[in-house]
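The values are calculated or read from the model by the stated rules, or taken from the named source; none is laboratory data. Predicted, not measured: the structure shown is a model, and the values here were computed from it. FYI the Cβ positions are ideal-geometry reconstructions off the backbone, even for glycines, and counts take in every protein chain you see.
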Amino acid sequence: MKGFAMKKIGEVGWIEKEKPKCGPLDALVRPLALAPCTSDIHTVYEGALGEREDLILGHEAVGEIVEVGELVKDFKVGDKVLVPAITPDWSSLEAQRGYAMHSGGMLGGWKFSNIKDGVFAEYFHVNDADANLALLPEGIDPAVGTMLSDMVPTGLHGAELAEIGFGEDVLVVGIGPVGLMAVAGSALKGAARILAVGTRPNCVKVAKEYGATDIISYKDGPIEEQVMKLTNGKGVDKVILAGGGIETFKTAVKVIKPGGIVANINYLGSGDYIEIPRLDWGVGMGHIKIVGGLMPAGRMRIERLANLVLTNRLDPSKLITHKFEGFENLDKAFDLMYKKPKDLIKPVVLIK
């Protein structure tokens, strides 16, 4: 089969590989819609996960099942399915502890384009099909369905990690597609004022539509100074980090109130250590919590997120700015994600 792969750090291209085999609990899927992710860019061009050779990329897909294992009960050949980016082993001890996304070890549930071939292929393998897949509901377009793979669950998880309460003020750093979903998640959780950091016009427009009350541009000076000015020196209750690098933690700690939470959902692709400003952290005693998490996964989770779309609580279609037709154009969509023109939020490739 044909696949679009990371050949080595800094190099991508088309390769040929054997079609994956389907285990008794698993499914084999062909893609109907695919979306490249900034995470793929970090993996390839920053070597964030280390060297990978001829590893098929991609973890955002809607597909059609072409084969199921003999122990799969709830899915059959021909079913159109939502495919989460994270596909844990649900019998693992980590899953029993409540952290299925780390099944088998740190980030172990993140299999696609990390520890096994991803979805940018003519066929891809899904483990634990009954637990990891969900039927594509009528009324959700396959292109929109790809946003439920990663962008929606990751962004909304930022709001969950931050434990946002009614009427709280929230800062969202970075308003790419994940940050935009963090803005939307903050609004759904009841935030009052949502300050969003970003500059690209399309992202700013959509951030406001999702509930951002204030837009902050890093081009206008230090973010922390702007936040403190907008909040009359009080700072914010919660911070969600959805973009930038390791330097964003300094900003977060400088603007958060005592007892606040800094929630990171950003893939930190480079840098060795995160610095926390000692005095702003209350010399270690400010009751400021710093957390970071990989998105939750599983069939129930993705079905619930789909319900948000079906009931018009959330419209992920606003994230999609570019569409390509045909599997052969996947490399063009990937290159677009790498170069990030000003009008880009998210590209999707549709496959007949």
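Table: residues versus (1) polar (S, T, N, Q); (2) at pLDDT below 95; (3) on the phi < 0 side of the Ramachandran plot.
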{"position": "MET6", "(1), (2), (3)": "no, no, yes"}
{"position": "LEU32", "(1), (2), (3)": "no, no, yes"}
{"position": "PRO36", "(1), (2), (3)": "no, no, yes"}
{"position": "ASP54", "(1), (2), (3)": "no, no, no"}
{"position": "GLY58", "(1), (2), (3)": "no, no, no"}
{"position": "LEU71", "(1), (2), (3)": "no, no, yes"}
{"position": "VAL83", "(1), (2), (3)": "no, no, yes"}
{"position": "SER91", "(1), (2), (3)": "yes, no, yes"}
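Within the stretch 156-169, the only residue that satisfies the criterion of being buried (at least 24 other Cβ atoms within 10 Å of the Cβ), assigned to a loop (DSSP other than H, G, I, E, B) and small (Gly, Ala, Ser) is ALA162. Out of curiosity, is VAL172 within 29 Å of TYR99 (Cα to Cα), among the hydrophobic types (A, V, I, L, M, F, W, C) and not in a helix (DSSP H, G or I)? It is true that VAL172 is within 29 Å of TYR99 (Cα to Cα), among the hydrophobic types (A, V, I, L, M, F, W, C) and not in a helix (DSSP H, G or I). Within the set GLY47, GLY78, the sole residue that is modelled with pLDDT of 95 or more and part of a loop (DSSP other than H, G, I, E, B) turns out to be GLY78.
Would you confirm, using the coordinates I've provided, whether GLU64 is farther than 30 Å from TYR273 by Cβ, part of a strand (DSSP E or B) and free of Cβ contacts under 8 Å to residues at least 40 places away in the same chain? Explain how you work it out, then say what you get.
Working: farther than 30 Å from TYR273 by Cβ: yes; part of a strand (DSSP E or B): yes; free of Cβ contacts under 8 Å to residues at least 40 places away in the same chain: yes.
Judged against the criteria, GLU64 is a match.
Considering the stretch 56-80, and only residues there that are farther than 17 Å from LEU107 by Cα and in contact with a Ser or Thr (Cβ under 8 Å, 6 or more places away or on another chain), the residue that is surrounded by the fewest Cβ atoms within 10 Å (Cβ to Cβ) turns out to be ILE56. Taking the stretch 319-352 as the range and being closer than 18 Å to GLY179 by Cα and part of a helix (DSSP H, G or I) as the test, the residues that pass are LEU319, MET337, TYR338.
I'm trying to understand the selection: among the residues of the stretch 126-155, which are under 22 Å from ILE41 (Cα atoms) and outside any loop (DSSP other than H, G, I, E, B)? Selection gives ALA143, VAL144, GLY145, THR146, MET147, MET151, VAL152, PRO153, THR154, GLY155.
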